Every structure is written in C-alpha cells, then in structure tokens.
1. Restricting to segment C:67-106, what's the tally of residues that are of a type in the set (Asp, Glu) and crowded, with 23+ Cβ neighbours inside 10 Å?
2. Among the residues of segment D:168-177, are any farther than 22 Å from D:Tyr78 by Cβ, buried (at least 24 other Cβ atoms within 10 Å of the Cβ), more than 10 Å from chain B (Cβ to nearest Cβ) and in contact (Cβ under 8 Å) with a residue 60 or more places away in the chain?
3. Of (1) in contact with a strand residue (DSSP E or B) (Cβ under 7 Å, 6 or more places away or on another chain); (2) over 30 Å from C:Leu154 (Cα atoms); (3) more than 10 Å from every other protein chain (Cβ to nearest Cβ), A:Lys206 satisfies all except one. Which?
4. State yes or no: is C:Val23 more than 17 Å from A:Pro50 (Cα to Cα), buried (at least 24 other Cβ atoms within 10 Å of the Cβ) and more than 15 Å from the chain's Cα centre (by Cα)?
5. How many of the residues in segment B:148-167 are more than 14 Å from chain D (Cβ to nearest Cβ) and surrounded by 24 or more Cβ atoms within 10 Å (Cβ to Cβ)?
6. Tell me, please, whether a residue that is of a type in the set (Gly, Ala, Ser), facing chain B (nearest Cβ under 9 Å) and touching a residue at least 24 places away in the same chain (Cβ under 8 Å) can be found in segment D:86-106.
7. Among the candidates A:Arg185, A:Arg138, A:Arg117, single out the residue that is surrounded by fewer than 24 Cβ atoms within 10 Å (Cβ to Cβ), over 22 Å from D:Met213 (Cβ atoms) and away from chain C (no Cβ under 12 Å).
8. Which one of A:Ser199, A:Ser145, A:Ser125 is in a helix (DSSP H, G or I) and within 8 Å of another protein chain (Cβ to nearest Cβ)?
Number of protein chains: 4
Amino acid sequence: MADKVRILGIVGSPRHGNTEILVKEALKAAEEVGGVETETLHVAPLKVNPCIACFRCFDEKDSRRGCPSFDDDMEKVYPRLAACDGMIIGSPVYFGGITGELKTFLDRTEPFVRYARTGYGGGLSNKVGGAIAVGYNRNGGQETSIQMIHAYYLVHDMIVVGSGLVETPGCYYGGGAVTYPKRSRIRDAVLEDELGLRSSRGLGRKVAEVAKMVKASHA
Amino acid sequence: MADKVRILGIVGSPRHGNTEILVKEALKAAEEVGGVETETLHVAPLKVNPCIACFRCFDEKDSRRGCPSFDDDMEKVYPRLAACDGMIIGSPVYFGGITGELKTFLDRTEPFVRYARTGYGGGLSNKVGGAIAVGYNRNGGQETSIQMIHAYYLVHDMIVVGSGLVETPGCYYGGGAVTYPKRSRIRDAVLEDELGLRSSRGLGRKVAEVAKMVKASHA
Amino acid sequence: MADKVRILGIVGSPRHGNTEILVKEALKAAEEVGGVETETLHVAPLKVNPCIACFRCFDEKDSRRGCPSFDDDMEKVYPRLAACDGMIIGSPVYFGGITGELKTFLDRTEPFVRYARTGYGGGLSNKVGGAIAVGYNRNGGQETSIQMIHAYYLVHDMIVVGSGLVETPGCYYGGGAVTYPKRSRIRDAVLEDELGLRSSRGLGRKVAEVAKMVKASHA
Amino acid sequence: MADKVRILGIVGSPRHGNTEILVKEALKAAEEVGGVETETLHVAPLKVNPCIACFRCFDEKDSRRGCPSFDDDMEKVYPRLAACDGMIIGSPVYFGGITGELKTFLDRTEPFVRYARTGYGGGLSNKVGGAIAVGYNRNGGQETSIQMIHAYYLVHDMIVVGSGLVETPGCYYGGGAVTYPKRSRIRDAVLEDELGLRSSRGLGRKVAEVAKMVKASHA
C-alpha cells in the first residue's frame, strides 16, 4: 500500500456526532477517488497539554520525542501527521471558530514549524489541506471557522483546497454544514443537510486528487 | 426631525433585487425602533471614478468639494455619509466578497479617512455600521463579505454591530441571506428566506439601537 | 465607584509576557479616559474544562452555578464577565489564531449565549469589545486572530471597536503587535514595538469611550 | 516553450508603484525556479464594465466572446487566464481589502465559474493562486486583503498557496508588505521593506513549484 496517498481526517468535536459524520463522508469520498487510504483521528479523547511557549522545540533535538516539554498523546500523533499526504480537519462552530480543544491540539504541532529542530521541522510542507465546519445557525461561523483552519495550513506551508468543482456545493471554501432546523444536540442532524454532505464529499475528493498530483510529481 | 438618528442604507448590487429588499427590510426594522429616519442609496446608478491614489485629499482642502481629483456623483454622497448616525451596507456575494462596484464606491470615501484634510477627515468615527450579504450558495461567502464590510468600518473608526439578540438569527455577524434553491436571478428570491430576512431585520434594529445610544450619550 | 465603567482585560497567553504587557497598556489607556476601572484576568492559571457540548445550559437553571456540567474556575469568571462594560481580549498568535487555551476559555462562556437558561443568557449583549494580537512574524496572523475575537464578540451580540482615531495606529482592527526582529521568547520584546503599543493604547481608549457612551445612554 | 508553466501576475493598483514592484519580484522568483514563463497584467488601464448580474453567461454560448453582455477589454484577458497555470494577484490595501478596480476585474471572470456555458466554465480549476497585499499601516489589512483573494481562488476551485518555507517570511499567507514609515505615495517605498520583498519572492517560488507539480502530474 506504500503507493497510496494517505488522507488523515481530524475530528475536532467533543462528541461523536455531526462533525465526525462529515469528516468520514469526506474520507469515504477521498477513497472513492482510488489509490487513497484514510484514517480518522479524534482529538477529544487525547490527553494534550496546551503549548506553553517554551520554545524548546526551536532549540533542541530530543531524540525520543517531538515535544521537549510534554510526553503526552501528541507523541503518537506526530508520526501520523508526518506520514499523511493530505489532511481534512473538521470542527463544530464554537463562537464563530473551531473548538478550543481542536485549537489546543493544532497549537501542539509546533514541532512541525519551519523553525523547529525536532526532526519534524517543515514536515507538513506541501501536504494538502481541506476544512469542514458545522454549526446550528446557517451562516453562523462556518466560513470563519474554515478560514481559521486554512490559516493553520498556510503557516505550515501546506496547500489549501476547497470543495472541488461540484455543482452548487453550498460552500466553496470547504465542507460547510448546518444542523438547523434540527437542534445541534441531535448527533446525526447533518444527515439531512444535503449541501453539507455534498460540500464535505467534494472536499474529500478534492484533497485526494490534489494530494495524488503532488505525490505523482515526486515519483 | 433633528433629534432622530439617521440610518443610511447602501445597496451594492447592480440590480434592484434581493440585496435591496434586505437593506430595506433592515431600514424598516430600524424605523420601528422609533426616533429613526432612514434613506437608501443605490451605488449602481452613480457615476463613480475609481480612486487613483493621488493622495491629494491628504494634502489640500478644496473648498468646493471632498475629492480634489474627481467631480462626480460622490460629491452628492459625501454630505449624506457625514450626516448619518448609522450605516447598513448590503451586497450580493461576488466571488466571496462584495461587488467591485460597491468596493469602488467605498474606496472613494477616502476624503473621510483620518489623514484627510478635506473637512471630512475622521468624519465617520463613531457612526454605527452593520453589513448584509446575500448569495446563491448557502455558505458561499456571506460571512467573508460581511467581514470585508466590517474591515471598512473599522478603518473609519466606526462601531461594528451584528444582527442583535434575535433567537436563531441564522447569521450573528449581520444579515446573511441565501437564494438557493431559487436561482439568484430571481430578484425577490430572498422573500422566501426566513433566516435572511430575520437576520437583516435584527441588524437594522441593532444599528438603530446602538446609534441611538451613541447619540444620546452626546446629548 | 459604582458609576465607573468597568473594562476587563483577558490575557490569553501561557506566559507573563508580551500579550500581558499590551493588555495592561490598553487598560492603562482606558483608565486615563477617566471614570474607568479595570481588572486583568489571566487564562492560563485557571482550571478550565473544555466545553463538551452537553447543551445542559440550554435546558436547565442551576441555582448554584453557570455551567451545569463543570464546577471549575469558570464559576469565578462568570460574575466578572457579567459585571464588566467592556472587554479587551489579547492573545499571542498561534498558527494564525488565538491560543487553544484562550479559545477553550471563551468556549466555556456558553452560559452567556442567548439560548442559555442560566441567568447569564444574553448577558454580554451591548458590552464593548476590543482585541489585541501579538506575533513574531510581522503579518503573521495578527489580523486573523483579531477577526476570531471579533467573531466571538458578535456571537454574544457585543459591540466591536478598533484602535480608535489614532494617527498611524499600525493596525485599525485592534492592537496589532510584532516582536520581530526580537525573538518572541523575549517576554518584553513588544516594549520596542511602537506601533503595537500605540494601537493597543488606542484600543483601550476606544473601548472605554464607547463603553461610557453605552452606559451613559442608560443613565 | 510549450512545456513551461505559465504564471500570470495581476497588478490591482491604479499606479505603477509598490504593488507592481512586488508582483514583478514574485514573478522573477517564479522564473528562477526554472521551466517557468511569466507575464504581467495591469488592471487599471483596461476598460472593464462592472458585472451587471445578467446571468447570460450561465445560459448561452456566445461563439465570439466570453461575456455575452460586454465587449470590452476582458475579452483579451479571458484567453490569458485560461492559458496560465498559476496566478499571482497583488493589490494595495484599500480599507482593509483589495481595490474596487481589481474586484470589478475579478467579478468579470464570471464566464469561468462552474455554471457558465461559455466554453470557459470551470476553466480556472486546479490553477495555483497566490496573493500579495501592500499597505501603509503595518497590520492595516494586508491579511484581510489576501483572504479576499484566496476566497476568489477557492470559488474558482483553484489551489491556494502561501509564501513558502522561507525563514521569517513576515507573512505566511502570501506577500505582505508595508510602506510605513515611508509614505505610500512613494512609488518604490517597498524596496526598503525586506519582509515584504521576501514574502513576495517566496510566494512567487511557491506558486511556480506547485504549478509545476500539478502540470507534471498530468504529463
């Protein structure tokens, strides 16, 4: 399977629910492109300390791990991030942005920044990234949440794509989903959101297609 | 009527259609607050030259007009901008942002920037601003268009508000409307968009309420 | 002192450093407006559980506390949020956005959303908000971080202001600061950033002035 | 030269000045990657009618031209857009966004949207896009202007990249330049802005590299 491109789906919700459904739909669509393998990572169950801005990953190479300060679940995550060719990050919309838990997780990818001397430094460069956001209010921060994930990708020198050349995707920027008029607490409310599903699937395909292009160009 | 607060609605669409409907709904809601008078300004029919970055409004006071370089329809607009207490700018979503025509119009409010020696310099400070955007795709740039209008307001030191304390406004950031599944070419498609109407009306009320607070504090 | 407006500064950094310096400069400038009292809140030392989307604060009134699920340090924070007239939130830029720790803190203000039956529901409406961001790279996400804080404010129906009618503020949207060419690990690097200090002070004054207007209008 | 990738630089300024300098620096850096040819397009001298939302490009194929409504300078632009592999759009910051003239130009690429029956429909898909913004104020809207250009790219299903794996690029999102403390009216003020030049050059290289990957994958 070494030739397959690998797409990593990251679920930034505290629950198993709408965000997970959408990320998995995106990954399924990515697999249908062919030559793609996927895996899903849930952020909530992980034990992740917030970055303390110690800057030690800029200074030293710890032969045992990526983060010199904390030996927590991120150490199992780093190799998976390094190994993927594409990434799909999904989040429920919390106050117009991604969840704090997800942001804390993303902040701890500091060992991958270009300045890091961790062995991971610059290691997300040219991976392909797509974003999914789901909220109750219809225009309730889905776009601004996606923007925040795109900002993250660009800091890591990743390649950003949207939901692909789908007719009426509902959201061009990524997967954009709405639970209204169902309440957000209903964990599978997005199954009735045709546009949310369509844009998430389009995003999955797009990430896969561009990741394949990038990989093929290195062959 | 001198004691009434004045809310200026600006329609950034080339057509008489959905954007105009929403701006007028917002203005009607503003009037219902009481002590409010409103007027609507259409950008499209105006003859407006693009700003040429001559910087002459930074250097000189032309006793006859606001823009030293062009004697076009903006001269009739400047006093209306100066006289309002609140502003509601609406735009259809074009490529994730406001229309070029509307941006060209806004760019020509350069005589109001803080550095201008036009008599208008700093003249929009503390006016209250709200934004409305309407698109075909559901999460198709409504939020990013509203952001662009908010950026404009903040450069002018204006006070930014969203759609008010409405239950399920659909969009907190401002009026966010969708024409899908009707096609955008249908000029009154938004009449069926309950959330778009609700958030626009909420915005109108909010702009009026905060503009009244600001005015009352100066009384 | 009951008549004074109260401005709450929130420091979203894990350290005592540049963000704290800027928030305190903003608060000092706010106090110089007169009739203003301020306090500072550090997020990092607080024990704050991430929101688990239980939606219980939408359903029930717990007479003892704001969050029905967690009895942590947020309970001491809620009354301070409820009591303030203005808020200044500062964050270092982490991957183009605010820190995960700060976002987790903000997410836990869910008992203040309009739908909450906590006694705090809608309780941040009409409070005035300003934002500060400091990064190493010059255009490294200061604006996108400020946007994220503004999104938070608008969801709470707050009133958003920028850095005021300062000449060359460096950043109109809020306090925008840069540590480069000094390294971000230097905790007082921003003391040499004239534009960062200027925009933060301008922001502090602006939040105070508009908060006073809002309060005066209710007198 | 058919095998070279083609990068199109678009200058959205009314002047020959700082924006043009940065776009040309980016294009020069792109050429240094090798196998790249570039061209520059100035928007200001073109006669471009604003899009009137006639939707005729959705309905009909005009064998003679892309826009059924206007026979203006865009007709010469369309083939150049169709022929490029990558695009670098630069703008001065006007009120936190791109110039109205540039937005009007971009709006008129409607014949390339996925819904168009013009022969150009979907024609910008998978082209690689980068953005440059230059302003007087240091954090004065460079990021929000770049965001607006990225939104445009994503609507066209383009691939978005930032300024590459440069050390201290000053701006990750694209070319981010500042004229302060020199005044913006000085047409070559950015020549002294090391970070602005560095991020623009990095962007040029990045657009070229990724455009080459995409092209190679199709070979």
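The values are calculated or read from the model by the stated rules, or taken from the named source; none is laboratory data. Given the structure is predicted, the values throughout are model-derived calculations rather than measurements. Cβ placement follows ideal geometry from the backbone for every residue including glycine, while neighbour counts extend to all protein chains displayed.
1. Initially, segment C:67-106 is screened for residues of a type in the set (Asp, Glu), giving C:71-73, C:75, C:85, C:101.
This time we only want the ones that are crowded, with 23+ Cβ neighbours inside 10 Å, so: C:101.
Residues flagged as of a type in the set (Asp, Glu) and crowded, with 23+ Cβ neighbours inside 10 Å within segment C:67-106 amount to 1.
2. Here is the first cut: in segment D:168-177, the residues farther than 22 Å from D:Tyr78 by Cβ are D:168-177.
In the following step, the residues that additionally are buried (at least 24 other Cβ atoms within 10 Å of the Cβ) were identified as D:169-177.
With the extra rule that they be more than 10 Å from chain B (Cβ to nearest Cβ), the set shrinks to D:169-177.
Okay, now just the ones that are also in contact (Cβ under 8 Å) with a residue 60 or more places away in the chain, so D:175, D:177.
Yes, some residue in segment D:168-177 is farther than 22 Å from D:Tyr78 by Cβ, buried (at least 24 other Cβ atoms within 10 Å of the Cβ), more than 10 Å from chain B (Cβ to nearest Cβ) and in contact (Cβ under 8 Å) with a residue 60 or more places away in the chain.
3. (3)
4. Numbers: more than 17 Å from A:Pro50 (Cα to Cα): yes; buried (at least 24 other Cβ atoms within 10 Å of the Cβ): yes; more than 15 Å from the chain's Cα centre (by Cα): no.
Taking the combined requirement at face value, the residue does not satisfy it.
5. First, the residues of segment B:148-167 that are more than 14 Å from chain D (Cβ to nearest Cβ): B:159, B:161-167.
If we keep only those that are surrounded by 24 or more Cβ atoms within 10 Å (Cβ to Cβ) as well, we get B:159, B:161-164.
The number of residues fulfilling the criteria is 5.
6. Filtering segment D:86-106 for residues of a type in the set (Gly, Ala, Ser) gives D:86, D:90-91, D:96-97, D:100.
Then drop every residue that is not facing chain B (nearest Cβ under 9 Å), which leaves D:96-97, D:100.
Now restrict to residues that are touching a residue at least 24 places away in the same chain (Cβ under 8 Å): D:96-97.
Checked segment D:86-106: at least one residue is of a type in the set (Gly, Ala, Ser), facing chain B (nearest Cβ under 9 Å) and touching a residue at least 24 places away in the same chain (Cβ under 8 Å).
7. Working: A:Arg185 fails: away from chain C (no Cβ under 12 Å); A:Arg138 fails: surrounded by fewer than 24 Cβ atoms within 10 Å (Cβ to Cβ).
None of the others qualify; the one that does is A:Arg117.
8. Numbers: A:Ser145 fails: within 8 Å of another protein chain (Cβ to nearest Cβ); A:Ser125 fails: in a helix (DSSP H, G or I).
One residue alone meets the criteria, A:Ser199.
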